[in-house]
Amino acid sequence: MLRFLTAGESHGRALVAIIEGLPAGLELNLDRINLLLKRRQGGYGRGERMKLEEDRVEVFSGVRGSVTLGTPLTLVIYNRDWENWQEIMAAGSEAILEQRIVKSPRPGHADLAGGLKYRQEDLRNILERASARETAIRVAVGAVAEELLSQLGIKVQGQVVVLGDIQAQVAPQIVENQFLEADPFYCSDQEASLKMLTAVDEAQRRGDTLGGVIQVRAEGVPAGLGSHVHWDRRLDGQLAQALMSIPAIKGVEIGCGFGAASLFGSQVHDEIIYQHGQGFGHRTNGAGGIEGGISNGEAIVLRAAMKPIPTLVQSLASVDWQTKEPVMAAVERADVCAVPAAAIVGEAVTAWVLAAAVMEKFGGDHFEETLLNYRDYLQYLKR
């Protein structure tokens, strides 16, 4: 079973992940992993923190000579901002607890709910872990998953398709990464991207924030990943949960998604075809590549809606944690728009779920075993 855990606070020393279940013999390219981390930090509308940090992953265990050993893989990303916070965030009794206290919960954040649940006096003890900074290490984990998938011919790509009320025209297939990386919103529609620039500038001028919709597309995924047998093995459920776990994501759809609710069944469901030498397929892809919790061989198409970032320069009304008197919410450094970053995180978490499904089905203590099992299965599908 492929699984991972992360640890670390936003202003702590580092973010850490331990991955278990990777086969031995998988070659990792750290430059490609770091490139995905760089893309997460990019995109128009990011805040001052992204200018300070320069995320690069270090491997502490599980790899020798760029090849996995089959043992737990430990990834570390150091926080450069730690030098400004080490006295406040220290683990020992020397920590200066009376500085940078947060006592006015911010609407839209985990401050209030987390403070109540964990009985905290300083809400910093909630926001440090609830911060979207944690997604940096999850992107590194997802980049490892993409390394595995790429060697099986599976590609995953995230992009921005909506920002505010601006709707982009989306390409019906994965586009060249170099094209998306050159766009300030990781958007394949340059005309829409120019309008997005204006919208973010206007939101920044008003001290406000913007949300949007990301799309993640996975191509080359064979039929047969996931299962209809139990609720927690359904691939669509696993992907939806992964996307919903990204901070600020409030809705997920697969294929035609919510649009299917207003259509007739004859307009939604995909007719089945068969081609000799290729196997089964579909005329359309309204299902988004998943039927009955199982991948059906078509491209997997996911969309996730991201709310506007809740930390506002013009802060909203709140209540003092101790006195219960009305106050304005605390303000931490934040972005005007992080939808492009969410597209990269969405790509990473999708890649992880697909990689886990691949290892569940094809197994292998060494990656050569996985490849042999996978290639044999592809031949079976063609027959």
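Based solely on its DSSP helices, what 222 nm [θ] is calculated for the chain when runs of n ≥ 4 H residues each add -39,500 (n - 2.57) and the sum is averaged over all residues, nearest 500 deg cm²/dmol?
Working: 11 runs with 123 residues, N = 383.
Calculated from helices alone, the mean residue ellipticity at 222 nm is -10000 deg cm²/dmol.
So what is the relative contact order of the stretch 3-382, in percent, for Cα pairs below 8 Å that sit 6 or more residues apart? Walk me through the numbers on the way to the answer.
On the way: 777 pairs, mean separation 86.1, N = 380.
Over the stretch 3-382, the number comes to 23 percent.
So what are the ³J(HN,Hα) numbers for the stretch 171-176, from phi and the Karplus equation (6.51, -1.76, 1.60; θ = phi - 60°), rounded to whole Hz, Gly and Pro as x?
Whole-Hz 3J(HN,Hα) from phi for the stretch 171-176: 5, x, 8, 5, 9, 4.
Kindly put V353, V76, V156 in sequence by how many other C-beta atoms sit within 10 Å of each C-beta, fewest to most. Intermediate values should be presented prior to the final figure.
Working: V353 25, V76 18, V156 28.
If I rank by nearby Cβ atoms, fewest first, I get V76, V353, V156.
Using the Kirkwood radius built from alpha carbon pairs, what does the Stokes-Einstein equation give as D for the chain at 10 °C and 1.306 mPa s, in µm² per second? Please report the intermediate quantities before stating the final value.
Working: Rh = 22.2 Å.
The diffusion coefficient I find is 72 µm²/s.
What's the extension gain from Q169 to D122 if we count 0.36 nm per residue and subtract their Cα-Cα distance? Display every interim value, and only then the final one.
Details: separation 47, 0.36 × 47 = 16.92 nm, distance 4.53 nm.
That works out to 12.4 nm of additional length.
Might you report the magnitude of the Cβ-based charge dipole of the chain about its Cα centre, with Lys and Arg at +1 and Asp and Glu at -1, to the nearest 20 debye?
Numbers: 38 positive and 48 negative charges, 81 e Å.
Dipole of the chain, to the nearest 20 debye: 400 debye.
Which of R375, R217, R40 has the fewest other C-beta atoms within 10 Å, and how do the rest follow up to the most?
Details: R375 13, R217 24, R40 28.
Exposure proxy ranking, most exposed first: R375, R217, R40.
In whole angstrom, note down how far apart the Cα centers of the stretch 6-85 and the stretch 159-220 are.
25 Å
Would you mind checking the pairs K117/K324; K38/K155; K155/K195; K38/K103 and listing those with alpha carbons more than 22 angstrom apart? Can you show the working numbers first?
On the way: K117/K324 17 Å; K38/K155 19 Å; K155/K195 29 Å; K38/K103 33 Å.
With Cα atoms farther than 22 Å apart: K155/K195; K38/K103.
Could you go through the stretch 341-353 in sequence order and give the Karplus-derived ³J(HN,Hα) for each residue, using 6.51 cos²θ - 1.76 cosθ + 1.60 with θ = phi - 60°, rounded to whole Hz, and x for Gly and Pro?
Running phi through 6.51 cos²θ - 1.76 cosθ + 1.60 with θ = phi - 60° gives 4, 4, 4, 6, 5, x, 4, 5, 5, 5, 4, 5, 4 Hz.
Which length gain, in nm to one decimal place, applies between E360 and Q241 when the Cα-Cα distance is subtracted from 0.36 nm times their residue separation?
Values: separation 119, 0.36 × 119 = 42.84 nm, distance 1.80 nm.
Additional length available on full extension: 41.0 nm.
Take every Cα-Cα distance within the stretch 34-108, group them into 10 Å bins from 0 onward, and report for each bin the whole-number percent of pairs it holds.
Taking every Cα pair in the stretch 34-108, the percentages come to 15, 27, 33, 20, 4.
What does the convex hull of the Cα atoms come to per residue for the stretch 106-178, in Å³? Let's see the in-between values first.
Details: hull volume 11.2 nm³, N = 73.
Spelled out: Cα convex hull of the stretch 106-178, divided by residues, is 153 Å³.
We did not get these values from a lab; they are worked out from the coordinates using the rules stated. Remember, predicted model here, so these are calculated numbers, not experimental data. Cβ: placed from backbone, ideal geometry, glycine included. Neighbour counts: every protein chain shown.
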